[in-house]
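Down below is the structure, laid out as structure tokens.
The values are calculated or read from the model by the stated rules, or taken from the named source; none is laboratory data. Since the structure is predicted, the reported quantities are computational estimates derived from the model, not experimental observations. When we count neighbours, we look across all protein chains shown, and the Cβ atoms used for this are built from the backbone with ideal geometry, even at glycine.
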Amino acid sequence: MRDAYFGLASTKLIGNLDAVSGFINKNQYPAPMNALASEWGAIGNIRFLLSSIGSVSFNASNLGNDVFNIFVVGMEAFACIEQDGYSATFVYLPPQFSGPLALNSSVGYKFAEVPRITNDLKQKSLEVFKSFLIVLEICFGRQQGANSIYCGVND
């Protein structure tokens, strides 16, 4: 699969994504073993990563329909900045270090990292209605100046 943007969306859109003409399922990629675990497929130059906790605005349309938010990001949109010269560390102390009876163990996590938006222009928010997901074919072809593209058709 060539370099592409990532579209982050809800798993509730699976059937609708499959119905979009030009959709390529990840098992049809030239090297499907290189696809990400959450990747479902691609439309044009956007690879869709789906999650059961994908963003949905329930009853958000004028007619009470759910609006699905698809966040489309490029490679330079986000970064993780490590501070103090070290990365994340998982700490585990087994029970033998808690005292003579070895009754308690300790588990912890420490990090000095900051997730950061590095380029606002490498992000777009696409809002679609589940029943109108076919408009993806139109929306991704549009040139927009704003960071949010609203793709509803008389919802």
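Of all the residues in the range 1-20, those that are in a helix (DSSP H, G or I) and acidic (Asp, Glu) number 1. For the range 63-72, the candidate set comprises residues that are touching a helix residue (DSSP H, G or I) at 6+ places or on another chain (Cβ under 9 Å) and either surrounded by fewer than 19 Cβ atoms within 10 Å (Cβ to Cβ) or in a loop (DSSP other than H, G, I, E, B) (or both); within that set, the residue that is modelled with the highest pLDDT is 66. Scanning the range 46-98 for residues that are over 15 Å from residue 16 (Cα atoms) and of a type in the set (Asp, Glu) yields 76, 82, 84. Look at the range 9-34: where a residue is over 25 Å from residue 67 (Cβ atoms) and a partner is modelled with pLDDT under 85 and not charged (D, E, K, R), sitting 6+ places away or on another chain with Cβ atoms under 6 Å, you get 29/1. Would you pick out the residues in the range 21-34 that are part of a loop (DSSP other than H, G, I, E, B) and not polar (S, T, N, Q)? If the condition is that a residue be part of a loop (DSSP other than H, G, I, E, B) and not polar (S, T, N, Q), then 22, 29, 30, 31 are the ones that fit. A single entry from 14, 46, 24 fulfils the requirement of being crowded, with 16+ Cβ neighbours inside 10 Å and not charged (D, E, K, R): 46.
The set of residues in the range 90-115 being loosely packed, with under 12 Cβ neighbours inside 10 Å, touching a Phe, Trp or Tyr at 6+ places or on another chain (Cβ under 8 Å) and modelled with pLDDT under 80 consists of 115 alone. Consider the range 73-87 and keep the residues that are in contact with a strand residue (DSSP E or B) (Cβ under 6 Å, 6 or more places away or on another chain) and part of a loop (DSSP other than H, G, I, E, B). The one that is surrounded by the fewest Cβ atoms within 10 Å (Cβ to Cβ) is 74.
Going by the structure shown, is residue 60 surrounded by 14 or more Cβ atoms within 10 Å (Cβ to Cβ), modelled with pLDDT of 80 or more and assigned to a loop (DSSP other than H, G, I, E, B)? Against the criterion (surrounded by 14 or more Cβ atoms within 10 Å (Cβ to Cβ), modelled with pLDDT of 80 or more and assigned to a loop (DSSP other than H, G, I, E, B)), residue 60 qualifies.
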